[in-house]
Amino acid sequence: MAFDIDMIKGVYARMGERIESARNVVGRPLTLVEKILYSHLWEGNAAQAYERGKSYVDFAPDRVAMQDATAQMALLQFMQAGRPQVAVPSTVHCDHLILAENGAEQDLQSANNKNREVYDFLASVSNKYGIGFWKPGAGIIHQVVLENYAFPGGMMIGTDSHTPNAGGLGMVAIGVGGADASDVMSGLAWELKMPRLIGVKLTGKLSGWTAAKDIILWVAGQLTVKGGTGYIIEYFGPGAESLSCTGKSTICNMGAEVGATTSIFGFDDKMASYLQATERGDIAEAASAVRQHLRSDEEVYANPAAYYDQVLELDLSTLEPYINGPFTPDLAWPLSKFAQAVKENEWPERLEVGLIGSCTNSSYEDMTRSASVAAQAATKNLKTRAEFTITPGSELVRYTAERDGILNTFENIGGVVLANACGPCIGQWARHMDDPSRKNSIITSFNRNFAKRNDGNASTHAFVASPEIVTAFAIAGDLTFNPITDTLTNENGEQVMLDEPQGIELPVRGFAVEDAGYLAPAEDGSQVQVLVSPTSDRLQLLDPFKEWEGTDITGLKLLIKAKGKCTTDHISMAGPWLKYRGHLDNISNNLLIGAINAFNDKSNSVKNLLTNEYGEVPATQRVYKAAGIGTIVVGDENYGEGSSREHAAMEPRHLGVRAILVKSFARIHETNLKKQGMLALTFANPNDYDKIHEDDTIDIVGLQNFAPNQPLAVVLHHANGSTDEIQVNHTYNQQQIEWFKAGSALNIIRKQVEAGK
């Protein structure tokens, strides 16, 4: 029986009424995406039509999924809400902190030792607040979600960009930042701009060496890495229904590489079969009963151009295998032209490593198709000429593959089976290499291949293909090899060809597992203690941010006037700082160290107005905080663009910055600042940016009458004794103003919970 079956049946029970109300307000037939979005409105039944690409909409997701790296701050924030349990079903998956180095058993043991305090914290906080916990080694978040939690017609947010993997089971699943996850777990609505829609009509059927992976590699070539931004991609047509459920998930997973909000397929018999195979026949039965709600209206399929903002069409019978790269996932090469591209671009022809698996391609079908190729190396007396690694997506797949002899087939040709974790796909790979600066080539069945993504080496040329193509290339050890047309020389000097891969969609004997790695939370977690050492440098419990003092904010010092682009990476760098994602004070030592100071054109160098000396941004801000002096940050256009990293809003708040004043904000960062109780302000006249002097003392005036659509004033007290008063705007609604007054959005929730006790 499925997890949370009552919740799922509840979604289906109200779908009909909500979809009908949406049809009435929209005034036309609906796509699948629209049906799911409108049936998950925070307001309930739709009272108005929302404009794609323009309207901001509040949604009520059905569940939340978090991976271990991002779950830390999300859960630390959630704890501030004061709730005894999460408001929606939620899970934590330990998959990102396992380094691939020696093989599954050793690597898992090493990760458990190195990350023990993080795992103990995540397990204990999950146990206390009713969150499902998946241990290290249980599998990669997206594969585990597909096997256990994804359901047709549902809506999920997850703290990882490849959350859309669940679209292979007909779910609107969207990657978000930890602050969004915390809000939804706390009982708040989740805001999203109504997405535009791309329809992809698939006809024909895959055959031979071509796989589902090749569909998304082709789409990436069509749309580029930015072409899907602001869109949800919906696949449909007879070709879509011919694909396995896990093949659909591969396509949806990698939709993140074209910038898509998410991707999705309509419910069909392949999904029902997968649900049955993963012991969720009750969901298959419930979904089948509302099948008409889990697909676009027939008018949409009959005339897609009238309902989607953009339409692509692909005949799968004409598709050939693709290899994308290097350095970007949208540089798409059909196999027949790839060898020529390798030679013309002087990419290293010798293949050093082939890597299969990951959250994108680690299904049972992927494993069997790859194993059918690997088996030929032995039977045809071929020697594998490149290193070869296999990353199972979950313990369920790994155990079943081992039982059925698949893993043994890989090991017989020298393959190394890694832990059920992200590993090399996210750079958690201690690659054994003689000279890391040497130009070299690898090929993976992963999703991303940016420079330094997999092994940290800028000289590594990483290519992306299907698992079976990767396996064939690993056997050949040569990027100019074409398994469809070319022969290989075996150990006897004979010319042999590889046969087409043969796969099994679902295991004939069913899936099996001894320990899937799941720990259910306590029914009553009130007595459970959350494990955080007070001396830890990786974890730190949060204190609630202080409420607004009820007056204008005066006497602020200028921390930095940022010049030009200032993204969330400039505000809160990633890389080596990621180990502090659960420790707000430690990670705050990267505050704005990448921003360029407009007064000296340097990064991480600002004037301390108490000492008149220049110093690092975080250290200078800590001096102001210790002296009880608030500060303000001034920025340029589109301040805070990039990932929805909540640390970029929490760090300045933690260190005592009171306001951010810029020419314009990236929307997600502006919202994050509001949630943390910060003032997010914009110049009414962008030229007033030039009036900010390095030695200014600054007042923010009008806060006692803080109201929607009512500007505030900023008074600049210059060092020469003169003053300037400028008008500043804001986009706070009444609810967000209450967040500011309370000190944060979570403070509001905590007060509501305490009032209800």
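Points worth noting:
- All positions within the range 7-28 that are of a type in the set (A, V, I, L, M, F, W, C) and either surrounded by 15 or more Cβ atoms within 10 Å (Cβ to Cβ) or part of a loop (DSSP other than H, G, I, E, B) (or both): MET7, ILE8, VAL11, MET15, ILE19, ALA22, VAL26
- Filtering the range 433-481 to residues that are β-branched (Val, Ile, Thr), touching a Gly at 6+ places or on another chain (Cβ under 6 Å) and assigned to a strand (DSSP E or B) leaves ILE443, VAL464.
- Taking the criterion of being under 23 Å from ALA69 (Cα atoms), open to solvent by 10 Å² or more (accessible area, probe 1.4 Å) and of a type outside the set (D, E, K, R), the residues of the range 178-189 that qualify are GLY187, LEU188.
- Options GLY525, GLY550, GLY564: the member that is in a loop (DSSP other than H, G, I, E, B), crowded, with 17+ Cβ neighbours inside 10 Å, more than 23 Å from the chain's Cα centre (by Cα) and not β-branched (Val, Ile, Thr): GLY525
- Top-ranked residue in the range 374-394 [being open to solvent by 30 Å² or more (accessible area, probe 1.4 Å) and part of a helix (DSSP H, G or I); ranked as nearest to ALA166 (Cα to Cα)]: ALA375
- Apart from one condition, ASN113 fits all of (1) out of contact with any strand residue (DSSP E or B) (no Cβ under 8 Å at 6 or more places or on another chain); (2) in contact (Cβ under 8 Å) with a residue 60 or more places away in the chain; the exception is (2).
- Selection within the range 326-373: residues that are of a type in the set (D, E, K, R) and not in a loop (DSSP other than H, G, I, E, B). The member of this set that is surrounded by the most Cβ atoms within 10 Å (Cβ to Cβ) is ASP366.
- Tally, over the range 148-176, of residues that are open to solvent by less than 10 Å² (accessible area, probe 1.4 Å) and assigned to a helix (DSSP H, G or I): 7
- Any hit, the range 341-357, residues being of a type in the set (Phe, Trp, Tyr) and modelled with pLDDT under 95: no
- From ALA13, ALA47, ALA65, residue being among the aliphatic types (A, V, I, L, M) and under 23 Å from the mean Cα position of the chain (by Cα): ALA65
- Among residues of the range 83-132 being β-branched (Val, Ile, Thr) and part of a helix (DSSP H, G or I), the one that is farthest from VAL11 (Cα to Cα) is VAL118.
- The listed residues are VAL532, VAL470, VAL513, and the only one of them that is within 29 Å of the chain's Cα centre (by Cα), among the aliphatic types (A, V, I, L, M) and open to solvent by less than 20 Å² (accessible area, probe 1.4 Å) turns out to be VAL470.
- Elements of the type strands (runs of 3 or more DSSP E) sitting completely within the range 600-686 and holding at least 2 residues that are within 30 Å of LYS193 (Cα to Cα): these cover 631-635, 657-662, 679-683.
- Subset tally (residues that are open to solvent by less than 30 Å² (accessible area, probe 1.4 Å) and in a strand (DSSP E or B)) for the range 567-599: 4
- Of the helices (runs of 4 or more DSSP H) contained entirely in the range 184-270, those carrying at least 3 residues that are farther than 21 Å from LEU146 by Cα and either hydroxyl-bearing (Ser, Thr, Tyr) or touching a helix residue (DSSP H, G or I) at 6+ places or on another chain (Cβ under 9 Å) (or both) fall at 212-223.
The values are calculated or read from the model by the stated rules, or taken from the named source; none is laboratory data. Not measured: the values here are computed from a predicted model. Reconstructed Cβ throughout: ideal geometry from the backbone, glycine too, with neighbour counts over all protein chains shown. The accessibility values were calculated without ligands, DNA or RNA, using every heavy atom of the protein model including side chains. Shrake-Rupley method; radii C 1.70, N 1.55, O 1.52, S 1.80 Å.
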